[in-house]
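First the structure, in the form of structure tokens, and then the observations on it.
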Amino acid sequence: MFHFYLTHDQFITVDLDLSFLKRNNKSFLLAQIDRADNAIDGFLIIIGELMNEMLYGIDRFEDELKKMTWHFHKKNETSILDKIYKRRHELLVWKSLLIPVKELKIGIEEAFLEDVNKGEIFKRTCKRIERAIELINEYEHEIDSIINLEEVISSHRGNEIMKTLTVITTIFTPLMALGALWGMNFKFMPELEWKYGYLLSLFVIVVSTIGFYGYLKMKGWTGDLLKSSKKGSFFK
């Protein structure tokens, strides 16, 4: 951050530190400013180099976003949501950095009008600003799409878990009912005297459980419950 005073012929800065321009030689930059036709172009040269630095940082952000996108596809896990929102926060920081630059562009147009609109340096700087803003907007849409996809996947998996628990509970309902019935301690229970009562009870339990599962399967209520996971799938 630095303070400045700018007119057509004067460009005065306070606390200007050019060390933040990692991609440009300080001496070369100062030489470019000295060769500028007016103070406005000199100021725009600095803003243009600032945008170069920001575009370089945005390119690095793009690389991290692509890695995260493919990691999200190959191995979707709980921690990926934290990574998604970290990228979302970084994007918010980039947008906040671009707001004052965009304001500078509009302010220069408002203050100098035709003096700058036709200049090559002004046009080049504006293109860099527009490119950065366009990239940030596109990445924002991409991250929002990833977040929406993650929410759909999480909702689907939650529904599958609930369905699994419901099916398991339903399948073992006959077992629990018969176990509760034969676990009673009434004095007169004829099944206690049967010679093959134990084997018969096991048979009834097994047949009723398998029969109930077959009924659920026939109705299609088990869905993909017993199918194996598919590698690379978002939902399995």
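Laboratory data are not the source of any read-out in this text; all were calculated from the coordinates shown. Treat the numbers as computed from the prediction; the structure is a model and nothing was measured. We place every Cβ from the backbone using ideal geometry, glycine too, and count neighbours over all the protein chains shown.
Can you give the FRET efficiency to the nearest 0.05 for Ser154 and Leu16, using r as the Cβ-Cβ distance and R₀ = 45 Å?
Taking R0 as 45 Å, the efficiency between Ser154 and Leu16 is 0.40.
Could you sort out which of Lys26/Lys83; Lys26/Lys123; Lys86/Lys127; Lys22/Lys123 sit more than 26 Å apart by Cα distance in this structure?
Violating the 26 Å Cα-Cα cut-off are Lys26/Lys83; Lys86/Lys127.
Nearest 20 debye, what's the magnitude of the dipole of the chain about its Cα centre given +1 on Lys and Arg Cβ and -1 on Asp and Glu Cβ?
1840
Binning at 5 angstrom from zero up to the longest distance, how are the C-alpha pair distances of the stretch 43-151 distributed in percent?
Spelled out per bin, shortest first, that is 2, 11, 21, 19, 14, 11, 9, 6, 4, 2, 1, 0.
So what J values fall out for the stretch 139-151 if you push phi through Karplus, 6.51 cos²θ - 1.76 cosθ + 1.60 with θ = phi - 60°, rounded to Hz, Gly and Pro as x?
Going residue by residue, I get 5, 5, 4, 5, 5, 4, 5, 5, 4, 4, 5, 4, 5 Hz, with x marking Gly and Pro.
Using 0.36 nm times the number of residues separating Val207 and Leu175, minus their current alpha carbon distance, what extension gain do you get?
Numbers: separation 32, 0.36 × 32 = 11.52 nm, distance 1.01 nm.
Result for the pair: 10.5 nm of gain on full extension.
In sequence order, what are the phi-derived ³J(HN,Hα) couplings for the stretch 112-124 according to the Karplus relation 6.51 cos²θ - 1.76 cosθ + 1.60 with θ = phi - 60°, rounded to whole Hz, with x for glycine and proline?
The phi angles translate into 10, 6, 5, 5, 10, 4, 9, x, 5, 5, 4, 5, 5 Hz.
Per 0.36 nm of contour for each residue apart, how much would the distance between Lys86 and Asn137 grow if the chain were fully extended, relative to their Cα-Cα spacing?
Net length gain for the segment: 16.7 nm.
For the charge dipole of the stretch 88-153, defined by +1 on Lys and Arg C-beta atoms and -1 on Asp and Glu C-beta atoms about the Cα centroid, which residue among Leu92, Leu135, Gly107 has the Cα displaced farthest towards the positive pole?
Most positive-ward Cα: Gly107.
Calculate one ³J(HN,Hα) per residue across the stretch 45-60 by plugging θ = phi - 60° into the Karplus curve 6.51 cos²θ - 1.76 cosθ + 1.60, and present them in order as whole Hz with x for glycine and proline.
4, 5, 5, x, 5, 4, 5, 4, 4, 5, 5, 5, x, 5, 4, 5
Against the empirical 2.2 N^0.38 Å scaling, what ratio does the C-alpha Rg of the stretch 172-219 come to?
Ratio of Cα Rg to 2.2 N^0.38 Å: 1.33.
For Asp59, what charge total do you get from the other residues with a beta carbon under 15 Å from its beta carbon, if Lys and Arg give +1 and Asp and Glu give -1?
Net local charge, Asp59 excluded: 0.
Based on alpha-carbon positions alone, could you give the equivalent ellipsoid semi-axes of the chain from the gyration tensor, as √(5λ), descending, whole Å?
Taking √(5λ) for each Cα gyration eigenvalue gives 74, 14, 14 Å.
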